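What follows is calculated from the coordinates using simple rules that are stated; it is not laboratory data. What you see is a predicted model, and the numbers here were worked out from it, not measured in a lab. Here the Cβ positions follow ideal geometry from the backbone for every residue, glycine too, while neighbour counts run over all protein chains shown.
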Amino acid sequence: MSDTRQGTLRDYLRVLRSGRTAIIAVTLVCAGIAAGMSLSQETTYVAAARVTFQEENRSNAEAGLAALSTQTAAQLAAEGASTMLSNDVLNRAKRRLQSDLPISELRAMLATSVDPSSTLVTVQATANEKTFAAALANEVARGAVTIQKNTERERYAKTAERVERQYEDLRSSGKSDTRTDVALATLLDRIATLRTLSVNATPSRMAETASVPESPASPKPLRSTIFGGLIGLMLGIGLAFVRDSLDRRLRDSTEIQETLDLPVVGMVRIEALGNAAYVPNGRGPMTDQDVESFRILRTNLEFLDVDNPIKSVLVTSPLPEEGKSTVAASLAAANAASGKRTLLVECDLRRPSLPERLSINRSPGLSDYLAGQASASEILQIVALSEGEMPSNGRASETPQATVAAGKLVVIAAGSQSVRPAELLGSRRFRDFLEQVVAAYDTVVLDSPPLLSVSDTLEIVPLVDSVLLCIRADQTTRDQARAVKDALAHLPERTSGIVVTGLKPGREHDYGYYSYAYYGES
């Protein structure tokens with residue numbers, strides 16, 4: 001059988017519900033770390049100024065010259081962006097701002113970005129003071145505009161001087177023909193144009209000045225806390241699903257039933273474990289809801305095999321602490337309360353628990369009888385039930401093995417401690433004992449040792465009509481459940497069912513659904 005898990009929405013919700021504590025903790029920790037890191041940062045402000053660069057072709061066209069530049073807008077903007085962070089621009093900004101910061105620190109406070117679809121360049125300045133951030137961005141932008149403007153105008157001025165020398169050389173040559181006159185006129189036009197550009201050329205200009213920022217760019221504790229919380233939430237959910245995928249424990253009745261391929265005939269809440277239905281003890285009476293669960297188990301057991309009524313039931317579990325003694329005692333009490341002559345036999349000779357739970361004597365008991373140290377009548381103990389369903393004219397057998405009045409349960413405790421419990425339970429005397437009590441009582445319930453811990457239970461399974469496996473949710477693993485299934489497969493086939501125990505708050509929807517389904521089908 002495959003280990004497919006979390007196949008439905010209910011499975012996802014189960015994982016989130018079971019891991020909600022860890023998810024909340026991780027979320028809060030990440031949010032707190034993010035908030036702490038944000039608050040520990042220095043307050044910084046960001047201001048931005050924008051400069052647009054025009055192509056040389058435009059200046060030439062305004063002056064009546066031929067287009068010479070082949071630069072694209074992106075290339076022109078990228079060249080302008082590099083100009084903004086040059087030493088000349090930064091030195092000028094430093095002087096105008098009267099700053100003591102070195103050029104390297106000023107450059108570290110600046111960043112440029114280029115709009116690839118235009119010639120627009122943005123320069124951002126980051127500083128601890130908002131007024132300084134705005135002033136730095138503006139001075140760098142203005143410096144880039146001024147330096148490029150001066151460079152461009154100086155280039156045109158030098159070109160004009162070179163053309164003027166050409167003009168003087170041609171005029172002093174003494175030639176006086178039409179061709180020379182045309183050449184001289186052309187040179188004069190070029191000189192006039194270049195002189196105009198050397199004064200008016202504007203290769204770049206301020207597109208937007210930086211304003212003083214109203215709020216800091218960082219830190220932003222609220223935003224950081226929210227982002228940290230979201231990251232923590234995702235991390236917590238991820239960890240919950242990873243943990244669940246690695247967890248081999250069976251979670252609910254659906255997983256348990258699919259793993260063992262047996263019907264679920266009963267469900268027991270965790271609050272009921274360690275107690276016994278109808279039996280007053282130090283823990284106090286069971287709630288009506290828990291008592292009802294054992295009435296349902298009793299009824300479902302009757303319909304587990306309609307053609308062959310079940311008279312002897314063995315209750316076991318893969319390992320200790322899975323609720324088998326609670327189920328055995330409460331099932332037997334529910335049977336007795338319904339008017340059936342019921343015997344509860346404690347076959348767990350290694351770790352008996354019924355004497356303390358039912359307020360009876362541990363010995364003499366089963367081990368004493370099987371060892372020949374006590375008679376059948378000596379090991380029978382009567383437990384009065386706190387409430388019952390038995391009619392007032394309930395019957396009682398005349399045989400010593402079934403001496404029981406209305407509203408009472410007959411119990412045989414484990415008895416004195418034995419060094420060879422497996423041999424006692426596998427003996428001929430135990431087989432004869434079981435045949436006698438099954439003939440004398442309507443129902444015999446056997447509380448046996450855990451099936452995987454010792455071999456005692458394997459000796460008893462072939463002797464009973466039915467086997468109830470107590471599987472504790474959130475504790476029994478898939479491997480343990482499959483080991484039990486494999487162990488039972490090597491024994492004579494018996495009518496078997498599952499009792500899911502230890503249902504925790506939040507899993508009670510399984511219990512409620514089970515109860516509703518039972519009553520709805522009655």
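Residue separation of residue 288 and residue 196 scaled by 0.36 nm, minus their Cα-Cα distance, works out to 22.7 nm of gained length. Listed by Cβ neighbour count within 10 Å, with the fewest neighbours leading, 433, 303 appear as 303, 433.
Global size of the chain: 47.1, 159 Å for Rg and Dmax (C-alpha atoms, Rg to one decimal, Dmax whole).
Suppose we keep just the DSSP beta bridges with both residues in region 253-521; what percent of those would be antiparallel, to 5?
Once the DSSP bridges in region 253-521 are tallied, antiparallel ones form about 15 percent.
Working from Cα pairs under 8 Å separated by at least six residues, relative contact order for region 45-208 is 34 percent. So if we plug the beta-carbon distance of residue 435 and residue 356 into 1/(1 + (r/R0)^6) with R0 = 35 Å, what FRET efficiency do we get, rounded to 0.05? After rounding, the FRET efficiency stands at 0.75. Span-like helix criteria (full DSSP H runs; alpha carbon extent of at least 24 Å along the helix axis; mean Kyte-Doolittle hydropathy of at least -0.5) are satisfied in the chain by 20-40, 178-200, 221-246. Stretching residue 128 away from residue 33 to a fully extended chain increases their span by 31.9 nm, per 0.36 nm per residue minus the current alpha-carbon distance. The mean sequence distance of close C-alpha pairs (under 8 Å, at least 6 residues apart), as a share of the length of the chain, puts its relative contact order at 17 percent. Given a Förster distance of 35 angstrom, what is the FRET efficiency for residue 235 paired with residue 8, based on the Cβ-Cβ distance and rounded to 0.05? For R0 = 35 Å, the calculated efficiency reads 0.90. In percent, rounded to a whole number, the relative contact order of region 253-521 is 30, using alpha-carbon pairs under 8 Å and six or more apart. Applying 0.36 nm per residue to the separation of residue 307 and residue 417 and subtracting their alpha-carbon distance, the gain on full extension is 35.7 nm.
Between residue 206 and residue 20, the C-beta separation translates, for a Förster distance of 56 Å, into a calculated FRET efficiency of about 0.50.
Considering only beta bridges that DSSP places wholly inside the chain, some 45 percent are antiparallel.
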